Structure formats: C-alpha cells, structure tokens
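Every read-out reported here was derived from the displayed coordinates using simple, explicitly stated rules and does not represent laboratory data. Nothing here was measured: the structure is a model prediction, and the numbers come from that model. All Cβ positions, even for glycine, are placed from backbone atoms using ideal geometry, and neighbour counts span all protein chains on display.
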Amino acid sequence: MRILVLGGTSFVGRAIVDDALHSGAEVSLFNRGRTNPGLFPTARHLIGDRDTGDLDALGDGRWDAVVDVSGYRPRQVDQAVATLGDRVGRYLYVSSHAVYRRAGLAPGSDESAPLRAPLLDAEHLTAETYGRLKVACEERVTARYGGRATIVRPGKVAGPHDEHRGLTYWARRAARGGRIALPGRPEQPVQLVDVRDLARLVLRLLRDDRPGAFHAVGPAEPTTLGGLIATCAEVAGTEADIVPVPPETAPGPFFPLVRAEPLWPGQQRDPARARAAGLPATPLAVTVADVLAWDRGRGEPPLGHGFTPEQEARALTKADPR
C-alpha cells in the first residue's frame, strides 16, 4: 500500500508512520522538514508548507491513501484536496472530539452526536475556534471524497513522544508518591487512547477501505481521574494519597486531564464502532509504563504546566494542613 501522510513526524503522525512502515507500506511524508527531520530515513520526504500554500511537492505521484494529521484550517484541506484530487484513493482525516457540541451531550454518545457550527477561518486556534475549524475541515473532505472519506475523531491521546503532556504530568507526579494535589474530583471520568492504538486503527481502516467516522477512545475499561493516578502510582511502585484541592489553586485555567463537571459526558464517548473496525485496547498500565520509561529516558525536562512542587505544597496546605 502506498500511503501519503500530511505531517508525520510529531506524536500522532509519528506513530502512524511508524506503524505503516512496519506493516510494509510505502510511505511518503509531506511536511516542512523542521520537526524531527532525521526520522524515517526509509520513507520518501516531500518538503512544503501548508501554512503558506506551498504544495508544489505534491504535484506528482499517486497514492492508495492519504492520512491528514496536519490540517487544522479549511483552507489547508481545500488546498490539499485540490492538489491531490483523484491521485489518492482514500482520504483519512484525523479530527478531534472538539467537533461535538457540548450542550445536551449525554454519556455514551456515538459518532452521530450533533457537531458544532463550522468555522471557515480564525486568526488563532483556541478552545472556541479549534473544534469549529475541524468541523469545516471534515466537511471539505467528505464533500470531495464521499465514500472514499474516513474521519477519525480521537479523544485525549497519550503515549511516548506526547508533547501535550497530560498523562506525562500524572505519571511523573505519581512516581514521586506522597500527597498529590488534584484541582478536580477523583470520580471524574477520563478517556485516553494510546497513540499506538490510534495508529493501528488508522492503518486498519485504510487496509479495509472503510468510510465514515470513528471514535478513537480508550482504555477498554472505563476509568476515572483518581483511578488513573492510582494506576500511575502502582506502575511506579509508589504510594499515592490523592488530595482534592480547590480548582482556583491550579496555576492557569487548564490543568492536565481535569475537566469541569458539565464536560464529563465528553469523557464517556462510545468506542463501539471503532472497536468493531479494529481499534486495539492497550491496558492503561502499559501506556503509563511506556510513558514513564520514555520520560525518564529523555531526562524529565520541564513540562510547563501543572503544579510546581512549591505550588502544590501551598495548595495542599490550604486544602488539608496536616
């Protein structure tokens, strides 16, 4: 199989390319050549820039499928679709759960849940614009390719090489053990999909030539934020005492994996369609162990979010001054 990946050298795209190469696929990568440029020497590298509209490197060639992991704005997808046309068989677009409306969502929602209103352009990618831009991108793909379009909507993705660092924060913190400040509620549901499971789903959908939309969420057994932290501690061989602290003690509006209660149904989506199509289910403990090993191997650099030790100590003292 000849696969073109738009992106392909950072986290999700990296895992997809790695899986594709190991499966024997002939892989071409189109990107700017700036992120991890030494990766995948056996793949064909095509240099261009979707931000500036430089798609000249895609002017020739045919592929059985294209995987788009770098299309964040409708104009980027428009340009790719116009350039590639019928020189690709299937167009698989990696979208997001941010495409769904939040109001009125119930636990167990499937791929038919109402989408947000599409947005054609925005100066910045924010919590308000990101999902709506993704909706418009999905529409571009399905309008052009119809039954040759596949949409994969991942939830929170975790695993080695994760630069979003959600699970990495909790794995690293639980490995230190002791009293752990949680500016949220332990019973909050959490859905994480191992990036390698996501990659395997993408390749399976391409091999089976499957159209439609698919939730990529995990783990197989539902878990909570408290359960995730406990799993991280168990993997690391430490004892963890989770101490809920007021949300206002968190440094900034977004804390790793913490969601306000009205958003909890978005952490309880139905993966049945993706499971039936071949989405694997790596145990959470395995994902955590691999993240810990990767993080330690790179020297545990600053994460840039979550509590610093000093901030956590203050939050713990305020919540439970033992």
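Test of understanding: in a Gaussian network model of the chain with alpha carbons linked when under 10 Å, which of A281, A57, A216 would top the mean-square fluctuation ranking?
A57
Relative to the compact globular guide of 2.2 N^0.38 Å, what is the alpha carbon radius of gyration of region 132-219, as a ratio?
On the way: Rg = 17.0 Å, N = 88, 2.2 N^0.38 = 12.1 Å.
Normalised Cα radius of gyration, region 132-219: 1.41.
Out of the DSSP beta bridges found with both residues in region 154-298, what percent are antiparallel (nearest 5)?
Taking every DSSP beta bridge with both residues in region 154-298, the antiparallel ones total about 20 percent.
How large, in Å, is the chain by the Kirkwood hydrodynamic radius built from its alpha-carbon pairs? Walk me through the numbers before you get to the answer.
Details: mean 1/r = 0.0486 Å⁻¹.
By the Kirkwood definition, the hydrodynamic radius is 20.6 Å.
What percent does the relative contact order of region 50-187 come to when contacts are Cα pairs within less than 8 Å and at least six residues apart?
In percent, rounded to a whole number, it is 25.
Using each residue's phi in region 236-252, evaluate 6.51 cos²θ - 1.76 cosθ + 1.60 at θ = phi - 60° and report the 3J(HN,Hα) Karplus result to the nearest Hz, with x for Gly and Pro.
Listing the rounded values in order: 7, x, 10, 9, 10, 10, 7, 10, x, 10, x, x, 5, 7, 5, x, x Hz.
Can you tell me the relative contact order of region 177-296? Whole percent, Cα pairs under 8 Å, sequence separation 6 or more.
Relative contact order for region 177-296 comes out at 46 percent.
How many percent of the alpha carbon pairs in region 30-136 exceed a separation of 18 Å? Before the final figure, lay out the partial values.
Details: 3290 of 5671 pairs.
That fraction is 58 percent.
Rounded to whole Hz and in sequence order, give me ³J(HN,Hα) for region 205-212 from the Karplus expression 6.51 cos²θ - 1.76 cosθ + 1.60, θ = phi - 60°, writing x for Gly and Pro.
4, 5, 4, 8, 6, 8, x, x
Once phi is turned into θ = phi - 60°, what whole-Hz ³J(HN,Hα) does the Karplus curve with 6.51, -1.76 and 1.60 give for every residue of region 18-31, x standing for Gly and Pro?
4, 5, 5, 5, 5, 7, x, 6, 8, 10, 10, 10, 10, 6
Using modelled backbone amide H atoms (1.01 Å from N, in-plane), which distant-in-sequence or interchain residues come within less than 5 Å of H45's amide H?
HN-HN under 5 Å from H45: L29.
Rounded to the nearest 500, what is the 222 nm mean residue ellipticity of the chain from helices alone, with -39500 (n - 2.57) per DSSP H run of 4+ residues and division by all residues?
After summing the helix terms and dividing by the residues of the chain, the value is -10000 deg cm²/dmol.
Taking amide hydrogens as modeled 1.01 Å from N in the peptide plane, which residues meet the under 5 Å criterion relative to W63, leaving out close sequence neighbours?
Placed amide hydrogens put V88, G89 under 5 Å from W63.
In whole angstrom, how far apart do the alpha carbon centroids of region 88-159 and region 41-77 sit?
Centre-to-centre (Cα) distance: 19 Å.
For region 226-298, just say rounded, prolate or oblate: build the C-alpha gyration tensor, square-root its eigenvalues into a ≥ b ≥ c, call rounded for a/c under 1.5, and beyond that prolate if a/b exceeds b/c, oblate if not.
Working: a/c = 2.04, a/b = 1.12, b/c = 1.81.
Oblate, since a/c reaches 1.5 and b/c is not below a/b.
Using modelled backbone amide H atoms (1.01 Å from N, in-plane), which distant-in-sequence or interchain residues come within less than 5 Å of R179's amide H?
Amide H neighbours of R179, under 5 Å, 5+ apart: D241.
Ranking request for peptides 246-252, 196-202, 142-148, 95-101: highest mean number of other beta-carbon atoms within 10 Å first, then the rest in descending order.
Output ranking for 246-252, 196-202, 142-148, 95-101: 196-202, 95-101, 142-148, 246-252.
Could you calculate the contour length gain from E261 to A276, that is, 0.36 nm times the residue separation minus the distance between their Cα atoms, to one decimal place in nm?
2.4 nm
Just for the chain, what percent of DSSP beta bridges are antiparallel, to the closest 5? The partial results should precede the final answer.
On the way: 4 of 39 bridges.
About 10 percent, rounded to the nearest 5.
Could you give the angle, 0 to 90 degrees to the nearest 10, between helix 166-176's Cα long axis and the longest principal axis of the Cα atoms of the chain?
Value to nearest ten degrees: 30.
Report the paramagnetic label zone for A285: residues of region 223-238 whose backbone N is under 13 Å from a point 7 Å from Cα along the Cα-to-Cβ axis.
Within reach of a label on A285: 230-238.
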